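The values are calculated or read from the model by the stated rules, or taken from the named source; none is laboratory data. Values in this document were obtained by computation on a predicted structure and should not be read as measured data. Neighbour counts run over all protein chains shown; Cβ positions are idealised from the backbone, glycine included. These area figures cover heavy atoms from the full protein model, side chains too; ligands, DNA and RNA do not enter into them. Shrake-Rupley method; radii C 1.70, N 1.55, O 1.52, S 1.80 Å.
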4 protein chains.
Amino acid sequence: MNKTDPIRELQTGSFNYAIGPYSKPIADIEPGETFKVYTEDAFESRITKTTDVPSEKLNMPYLNPMTGPFYVKGAEKGDTIIVEIIDIQPTRDFAVSALIKDFGGLTGTGATALLNEPLPEKVWVYPIRDGKVWYNDQIGIPYKPFYGSIATAPEIEQISALAPGNYGGNMDCPDVCVGNKIWLPVNVEGAYFYVGDAHANQGDGELCGVALEHTAVGTFRIELIKGKRVAWPRVESKDEIMVIGSARPMEDAARIAYKELIIWMQEDYGFDPLEAYQLLTQVGKLHVANMVDTLYSLVAKCPKEYLLT
Amino acid sequence: MNKTDPIRELQTGSFNYAIGPYSKPIADIEPGETFKVYTEDAFESRITKTTDVPSEKLNMPYLNPMTGPFYVKGAEKGDTIIVEIIDIQPTRDFAVSALIKDFGGLTGTGATALLNEPLPEKVWVYPIRDGKVWYNDQIGIPYKPFYGSIATAPEIEQISALAPGNYGGNMDCPDVCVGNKIWLPVNVEGAYFYVGDAHANQGDGELCGVALEHTAVGTFRIELIKGKRVAWPRVESKDEIMVIGSARPMEDAARIAYKELIIWMQEDYGFDPLEAYQLLTQVGKLHVANMVDTLYSLVAKCPKEYLLT
Amino acid sequence: MNKTDPIRELQTGSFNYAIGPYSKPIADIEPGETFKVYTEDAFESRITKTTDVPSEKLNMPYLNPMTGPFYVKGAEKGDTIIVEIIDIQPTRDFAVSALIKDFGGLTGTGATALLNEPLPEKVWVYPIRDGKVWYNDQIGIPYKPFYGSIATAPEIEQISALAPGNYGGNMDCPDVCVGNKIWLPVNVEGAYFYVGDAHANQGDGELCGVALEHTAVGTFRIELIKGKRVAWPRVESKDEIMVIGSARPMEDAARIAYKELIIWMQEDYGFDPLEAYQLLTQVGKLHVANMVDTLYSLVAKCPKEYLLT
Amino acid sequence: MNKTDPIRELQTGSFNYAIGPYSKPIADIEPGETFKVYTEDAFESRITKTTDVPSEKLNMPYLNPMTGPFYVKGAEKGDTIIVEIIDIQPTRDFAVSALIKDFGGLTGTGATALLNEPLPEKVWVYPIRDGKVWYNDQIGIPYKPFYGSIATAPEIEQISALAPGNYGGNMDCPDVCVGNKIWLPVNVEGAYFYVGDAHANQGDGELCGVALEHTAVGTFRIELIKGKRVAWPRVESKDEIMVIGSARPMEDAARIAYKELIIWMQEDYGFDPLEAYQLLTQVGKLHVANMVDTLYSLVAKCPKEYLLT
């Protein structure tokens, strides 16, 4: 799948902590070109030991450093880019997770503001070896890397890299993985492609708020679709089409994901909307990607075997 | 797995449309006994043709007829019953689905009260043959039956059979299927076991609100656990332990399901709660069972391979 | 406003902890009759001192004792009763409030299930004297009594007296007070009127979950409207019409309340629905009655001065 | 209350449609200085007649034009500004409201994504005269102007002027009115004060999404508090202290507002947090400001008479 030309390796010394059109592009990308991007982990490698105290190491709101933006040549508002993730490799031999104060799925937070005492802070370090990420000597979790954050720029907003939205962002969806194609809307000239927050693996919901965070290098190819802009991020795997919706409360994320999947089935597979609604009732899949970020992300899926026209 | 004694076949001429201790038991069940139960479909077989108009055929709130309650001998408040579903067979050769006025995942409803016009009503009939349920001549969906509704009685409440809750009820969770064991709390003497709403299959979320509804006969065995009452329904399959949480908004259902899974991992597998919280962050699964009922149901899962102690 | 006949005083030795048609009526009420009802406080007077520990004194789910049900003569499914609250008098000289474990607006709860430690338990006792309820020697809160719970029976459900719903119930809405008329739907023959949970006063939202609870005696008159059933509780004061919606998440309660207010404006005041929608945008009132119960209750109001036809 | 120096009148030919630190300040403000600011209406005066069709006149996302930002001299991250609204005068003789496609409190939206047909578009024009805004010849609504949007810049984000948040923004809260003081956090040097979206009046919730929009000129004075940054916008009137919380679902906005009010009572009035929690349970007020924006805004209030120390 690689071109014979040497592959460019794209890296940056400084990062963006917000996603939008106000950042300066760090490189141009040619549609169809294969390129590599290095990414930092969500903590910019400030947490590496179980003795680290997150609240002392982290500097809010400067979290989840994004590599980019990349200027996609020829992309204009109203287009779509399709980002193929060809490969992800770790660039260090461990991943970290942590309990962060007032953050996570089973604790009071800034948004769900309560009077209870916060949970304690705590750090876990997982060695990566033999294709697994090791919780302890016995329990190894498969190394199945994906990007927690992948985005184009919103049109007039610059939004925290901790947030997901209709432009992508911090969706924390394990389907943004090797072998899949991610459709993102183009809202500004050049699209402004951002990527970061590589996870070595993650459960549905990213329960405590911090997956298996690690630094990585990914290989990508971007296809440009002119004259059609998707409303929400789409994902295509070998066997499924998917939409990732992000909203609060969580049922709104579910509604967005399934409704946009119906629109996709209507546009590209010839379904009547109410027929797609019916068929997804019986064969759709709906997982929670994150239940911890500023918006919750859910991914709705339709197996391709049911998309006969 | 069957006893050599003849298996009792339990059936009823009239049904309960609400679940609770105010119904009269229709039979006694001996713990350990294998028995069969016949169930009606969610519409009490009033909708059978594509020309049927749901609002003319249905008589709110007399929906989702439950077979039962069954009095489980020896069960007392503070116990748990574990219901093993040994088999489910269809008792007719078709399933139905429908669009019901002001009901479903992508429409205004009684709870999400809007001024928009309702969606049209519509009925689909799916023949069941060759192990599949046929959407049309080309598209067959595997026949994978489960019970949309399974419950014990709440202690002092009688609740519509359309609602799920901590006593089970209309969770519409595809994991309540053949081969799995369902743990339900005992809140009253005799437990009062109810079952109904067999689905020939269903996608995550039961998007339009109506799965592949059919009449069926199931084979069950109930185990009685004395002196320990689960707070929410648990499911055990060969490979996973699961909890089904039901609440609105949907994030509360997610929180319940994962928190109770942590409690299960603590009680039966020796985990520290924060360690279980961490491990589930990386390996947990979280699907939407229903996004249409009076409470939303989410099922959180942990693969048993990670439950080493 | 009183009849010259002696007023019946209605009282009961035992209470109902769930609201529905499965309770036995304790008395018949003639439409138009003035009658008095004695009610217990939400804790059945088990908490009376600051040294009481709620979790030791209370016996879940036997809370919020209701007086009733009363059988309203002539009431049939499809009717509405209008309950006029003529007077409320305290029957003791103090009110109590408390922090209950895992209950309240700013703490994790059974529904918003978290891993944080619960808040401490605590009891407050407020003397009632000189028309005020005294937080301490300096701070007196006006004695403005109302009923936290007022209901008719649902048709087939018996629902915890801690829950509000479309049949009324534990709405904890301060507008259910002296001088106002409460419209409730009739779902079963005799309506089955329940009342209890008198509050000496309460802030919007009933923040910690427990208002100024006290025992009381109320004077009522019930009017029966034949052939028209309201979908949600309505309240009429001298100056405003109101609807109380109960749901989760809270925005659904807001939608219900305003939509039903539009329906009222359409039915009784001749408004086009979109015109009512517009006018309420500019003049409507929307308060939180409770943010702590199993469903949240919001009350939407329209001043009568804008209801010119 | 005015200074004897001539009052500067601040105006701008171009507007910002997003709020943040990436805009260029249009003027410096001296703390303590009295100044006037002219603002456009939410539609930049593109809708002025009942025959206008909103979807043809509006250009998403270029809505809700903000005047500003103003650079407040001496303000640094970690401070608070207190904006006193001394006066608001209309600069034209009418206000407009409208039904916008897929926007509003009782309709499907981009976030609450449904398959129902959208509501029709419609425009209302209200003459302003004699201290009232006239719905029709009979129904006049008091002219009680306030700013729907008032903000400082977030630290690293530029957020749509249609959104509210912890920096203020489009809260649509009628308490941001003449005579009140609005406390806003300073996140960047110069604070970057924005204001716009003057409403001639509005009901709680801004039900259809569009209040009585008009152009206006306001008179302000800004006080700078060094070394203390409020977490959420606070409002002080003659009789009450208030906090405006913005979040989805709506209960999170309620929690934020009340929790921050408790913090205020603790910091400035000497309350123990659990005592403030208790007192607000009995005397707090909680209104819905908006139920239509990207986040819902609720305002929690405590009458000053209860703040004895």
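Within region A:283-297, restricting attention to residues that are touching a helix residue (DSSP H, G or I) at 6+ places or on another chain (Cβ under 9 Å) and closer than 23 Å to residue B:123 by Cα, which residue is surrounded by the fewest Cβ atoms within 10 Å (Cβ to Cβ)?
Once the filter is applied, the top-ranked residue is A:283.
How many residues does region B:52-88 hold that are in contact with a Lys or Arg (Cβ under 9 Å, 6 or more places away or on another chain) and more than 30 Å from residue C:153 (Cβ to Cβ)?
Residues that pass the stated criteria total 10.
With the structure loaded, tell me whether residue C:213 is closer than 29 Å to residue D:280 by Cβ, at pLDDT 95 or above, touching a helix residue (DSSP H, G or I) at 6+ places or on another chain (Cβ under 8 Å) and among the acidic types (Asp, Glu) or whether it fails that test.
Considered against the rule, which asks whether it is closer than 29 Å to residue D:280 by Cβ, at pLDDT 95 or above, touching a helix residue (DSSP H, G or I) at 6+ places or on another chain (Cβ under 8 Å) and among the acidic types (Asp, Glu), residue C:213 comes out as no.
In this structure, does residue C:85 turn out to be assigned to a strand (DSSP E or B), of a type in the set (Val, Ile, Thr) and at pLDDT 95 or above?
Working: assigned to a strand (DSSP E or B): yes; of a type in the set (Val, Ile, Thr): yes; at pLDDT 95 or above: yes.
Answer is yes for this residue.
Could we say that residue B:63 is at pLDDT 95 or above, over 25 Å from residue B:18 (Cβ atoms) and within 14 Å of another protein chain (Cβ to nearest Cβ) here?
So residue B:63 fails the test.
What are the residues in region B:283-297 that are part of a strand (DSSP E or B) and more than 7 Å from chain A (Cβ to nearest Cβ), if any? Before you say what the answer is, go through the steps one by one.
Of all residues in region B:283-297, those part of a strand (DSSP E or B) come to B:285-290, B:296-297.
Correct list: B:289, B:290, B:297.
Of all the strands (runs of 3 or more DSSP E) wholly in region D:7-82, which have at least 3 residues that are open to solvent by less than 20 Å² (accessible area, probe 1.4 Å)? Full working, then the answer.
Working: elements: D:8-10, D:27-29, D:34-39, D:67-72.
The qualifying strands (runs of 3 or more DSSP E) are D:34-39, D:67-72.
Name the single residue, out of those in region D:199-221 being in a loop (DSSP other than H, G, I, E, B) and among the hydrophobic types (A, V, I, L, M, F, W, C), that is farthest from the other protein chains (Cβ to nearest Cβ). Outline the logic, then answer.
Filtering region D:199-221 for residues in a loop (DSSP other than H, G, I, E, B) gives D:200-204, D:206-212, D:214-215.
Next, only the ones that are among the hydrophobic types (A, V, I, L, M, F, W, C) stay: D:200, D:207-208, D:210-212.
On the way: D:200: 9, D:207: 4, D:208: 4, D:210: 7, D:211: 7, D:212: 6 Å.
Applying the filter and picking the extreme gives D:200.
Restricting attention to region D:222-255, report how many residues are within 26 Å of residue D:36 (Cβ to Cβ) and either aliphatic (A, V, I, L, M) or within 14 Å of chain C (Cβ to nearest Cβ) (or both).
Residues flagged as within 26 Å of residue D:36 (Cβ to Cβ) and either aliphatic (A, V, I, L, M) or within 14 Å of chain C (Cβ to nearest Cβ) (or both) within region D:222-255 amount to 7.
Going through D:120, D:154, D:127 one at a time, which residue ends up being surrounded by fewer than 22 Cβ atoms within 10 Å (Cβ to Cβ) and part of a loop (DSSP other than H, G, I, E, B)?
Only one candidate passes the filter, namely D:120.
Go through (1) touching a residue at least 24 places away in the same chain (Cβ under 8 Å); (2) closer than 19 Å to residue A:217 by Cα one by one and return the number of the condition residue A:62 breaks.
Every condition holds for residue A:62 apart from (2).
Can you tell me which residue is most open to solvent (accessible area, probe 1.4 Å) among those in region C:157-180 that are under 11 Å from the mean Cα position of the chain (by Cα) and within 14 Å of chain B (Cβ to nearest Cβ)?
Ranking the candidates gives C:162 first.
For region A:270-282, which residues satisfy the criterion of being facing chain B (nearest Cβ under 7 Å), open to solvent by less than 10 Å² (accessible area, probe 1.4 Å) and either hydrophobic (A, V, I, L, M, F, W, C) or within 25 Å of the chain's Cα centre (by Cα) (or both)? Don't jump to the end; show me each part of the working.
Taking region A:270-282 first, the residues facing chain B (nearest Cβ under 7 Å) are A:274, A:277-282.
Filter again for open to solvent by less than 10 Å² (accessible area, probe 1.4 Å), leaving A:277-282.
Listed by number, the residues that qualify are A:279, A:280.
For residue A:170, only one of the following conditions fails: (1) touching a Pro at 6+ places or on another chain (Cβ under 6 Å); (2) over 22 Å from residue B:282 (Cβ atoms). What is its number?
That leaves (2) as the condition not met.
Could you please let me know if residue D:101 is away from chain B (no Cβ under 14 Å), touching a Leu at 6+ places or on another chain (Cβ under 9 Å), open to solvent by 10 Å² or more (accessible area, probe 1.4 Å) and of a type in the set (D, E, K, R)?
For residue D:101, the condition - away from chain B (no Cβ under 14 Å), touching a Leu at 6+ places or on another chain (Cβ under 9 Å), open to solvent by 10 Å² or more (accessible area, probe 1.4 Å) and of a type in the set (D, E, K, R) - is not met.
Scan region C:135-151 for residues that are open to solvent by 10 Å² or more (accessible area, probe 1.4 Å) and either of a type in the set (Lys, Arg) or touching a residue at least 12 places away in the same chain (Cβ under 8 Å) (or both) and jot them down.
C:142, C:143, C:144, C:145 - these are the residues of region C:135-151 that are open to solvent by 10 Å² or more (accessible area, probe 1.4 Å) and either of a type in the set (Lys, Arg) or touching a residue at least 12 places away in the same chain (Cβ under 8 Å) (or both).
When the residues of region D:298-309 are filtered to those that are at pLDDT 95 or above and either assigned to a strand (DSSP E or B) or open to solvent by 30 Å² or more (accessible area, probe 1.4 Å) (or both), which remaining residue is farthest from the other protein chains (Cβ to nearest Cβ)?
Filtering region D:298-309 for residues that are at pLDDT 95 or above and either assigned to a strand (DSSP E or B) or open to solvent by 30 Å² or more (accessible area, probe 1.4 Å) (or both), the one farthest from the other protein chains (Cβ to nearest Cβ) comes out as D:304.
Of all residues in region B:241-258, which are in contact (Cβ under 8 Å) with a residue 12 or more places away in the chain, under 24 Å from residue B:272 (Cβ atoms) and assigned to a helix (DSSP H, G or I)?
B:254, B:256, B:257, B:258
Please determine whether any residue of region D:111-118 is touching a residue at least 40 places away in the same chain (Cβ under 8 Å) and at positive phi.
Taking every residue of region D:111-118 in turn, none turns out to be touching a residue at least 40 places away in the same chain (Cβ under 8 Å) and at positive phi.
Output the qualifying pairs, or none if there are none: Cβ atoms under 6 angstrom, residues six or more apart or on different chains, first residue in region A:213-230 and hydroxyl-bearing (Ser, Thr, Tyr), second residue surrounded by fewer than 24 Cβ atoms within 10 Å (Cβ to Cβ).
Pairs that qualify, where the first residue is hydroxyl-bearing (Ser, Thr, Tyr) and the partner is surrounded by fewer than 24 Cβ atoms within 10 Å (Cβ to Cβ), are A:215/A:40; A:215/A:91; A:215/A:92; A:219/A:36; A:219/A:86; A:219/A:87.
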